[in-house]
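Each value in this text was obtained by applying a stated rule to the coordinates, not by laboratory testing. All figures in this text were calculated on a predicted structure; none of them were measured in a lab. Virtual Cβ from ideal backbone geometry, glycine too; neighbours counted across all protein chains shown.
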Amino acid sequence: MSSLSVDHVLGIKDLTKEDLELIFKTADNFKDVLNRPIKKVPSLRDITVANLFFENSTRTRLSFELAEKRLSADVINFSAASSSVKKGETLIDTVNNILAMKVDLVVMRHPNAGAAQFLSKNVDARIVNAGDGAHEHPTQALLDTFSIREKLGKVKGVKVLIVGDILHSRVALSNIFALQKLGAEVKLCGPRTLMPKHIESLGVKVEYDLRKGLEWCDVANMLRIQLERQDIKYFPSLREYTMMYGLDLELLNSLSKKIVIMHPGPINRGVEISSDIADSEHAIILDQVENGVAIRMAVLYLLAEKIDRQ
Ligand code: CP
């Protein structure tokens with residue numbers, strides 16, 4: 001297979017196992033490019049990409065922008081905080097005005113679940129979801145599973161524990177879909193109040209005891225508490241959360257085997273993960289960030305192949 005089965009990358013749920021493998025194979029090639037002295041290729045030279053960020057971002061925004069520039073695309077950046085959205089303009093009007101400037105590809109982060117899908121049905125451009133509310137964050141899950149494949153040599157059969165605020169996490173949902181499509185086993189761990197009801201119907205197991213979960217897994221993906229999406233209190237205090245679900249070196253060193261530690265960022269040091277682990281050889285957090293550029297280059301390249309450039 002040499003092309004994606006989809007016209008937009010809105011969520012991992014829509015992608016096939018073959019799509020994921022094609023993205024990884026393409027990202028392998030781009031990772032080689034990124035390690036060369038000249039890190040740029042002309043693949044998207046006649047393509048214009050708009051990065052529309054209606055919600056804060058550091059890693060995803062910079063990683064997409066760098067990926068686009070490495071592919072020689074023309075890039076425009078939009079941040080809602082400094083735009084006419086503040087004057088009441090709708091999402092469709094904003095995007096149509098940007099598309100009138102002859103944009104081919106749109107990368108969008110939005111606080112509302114379903115925003116990227118809505119856009120894909122209403123505008124004539126290829127859309128990449130860079131995170132929509134608590135729904136999906138497909139390129140994060142792609143770079144996470146790609147990083148597991150790089151570190152352990154495979155994804156199939158790997159036991160992955162996702163720890164933290166599962167209820168509000170688009171990273172958790174996209175990771176569940178990606179890991180399962182590639183044959184990994186997934187277990188979720190966190191407070192009952194932050195565990196979605198009926199989550200087992202997705203084929204995952206739930207473990208409320210962090211130590212037991214860590215003893216089971218090969219990889220632990222430690223998620224941030226998404227305080228910005230919590231309108232009520234889900235646990236007594238951050239201190240109590242850390243006591244029950246925070247990972248520190250003492251706990252890690254007490255396990256009967258070595259495990260790989262991941263985090264999608266941004267990290268809240270001393271809450272879900274201690275600094276001595278985040279900065280240790282156990283963690284592949286910065287490898288994840290590095291791989292994000294190659295993965296996003298692959299996604300943009302494969303979607304651009306579907307654009308009629310005549
Ligand atoms: N991992 C992630 O999405 O980080 P940002 O919010 O900084 O983009």
Work from the charge dipole of the chain (Cβ charges, +1 for Lys and Arg, -1 for Asp and Glu, about the Cα centre) and give the residue of His263, Ser5, Asn175 farthest towards its positive end.
Ser5
Shape verdict for segment 48-112, please, from the Cα gyration tensor: rounded (a/c under 1.5), prolate (a/b greater than b/c) or oblate.
oblate
Would you mind classifying segment 138-289 by shape? Square roots of the alpha carbon gyration tensor eigenvalues, ordered a ≥ b ≥ c; an a/c under 1.5 is rounded, otherwise it is prolate if a/b is larger than b/c and oblate if not.
rounded
For segment 145-267, what is the charge dipole size about the Cα centre, in debye to the nearest 20, if Lys and Arg each add +1 at the Cβ and Asp and Glu each add -1 at the Cβ?
360 debye
Cα gyration tensor category, rounded, prolate or oblate, for the chain with a/c compared to 1.5:
prolate
What are the membrane-span-like helices in the chain by this rule: whole DSSP H runs, Cα extent along the axis at least 18 Å, mean Kyte-Doolittle hydropathy at least 1.0?
285-304
For segment 185-221 and segment 244-271, compute the distance between their C-alpha centroids and round to whole Å.
15 Å
Rounded to one decimal in nm, the spacing of the 7 Å Cα→Cβ label points at Thr58 and Glu200 is 3.8 nm
Tell me the relative contact order for the chain as a rounded percent, counting alpha carbon contacts under 8 Å between residues six or more apart.
21 percent
Would you mind working out the magnitude of the charge dipole of the chain relative to its Cα centre, with +1 at each Lys and Arg C-beta and -1 at each Asp and Glu C-beta, to the nearest 20 Debye?
140 debye
Which lysines, on any chain, are close to Lys156 with Cα under 19 Å apart, when same-chain ones fewer than 8 places away are left out?
Lys13, Lys17, Lys25, Lys181, Lys187, Lys205, Lys258
Give the order of Glu18, Glu272 when sorted by the count of other beta carbons within 10 angstrom, beginning with the fewest.
Glu18, Glu272
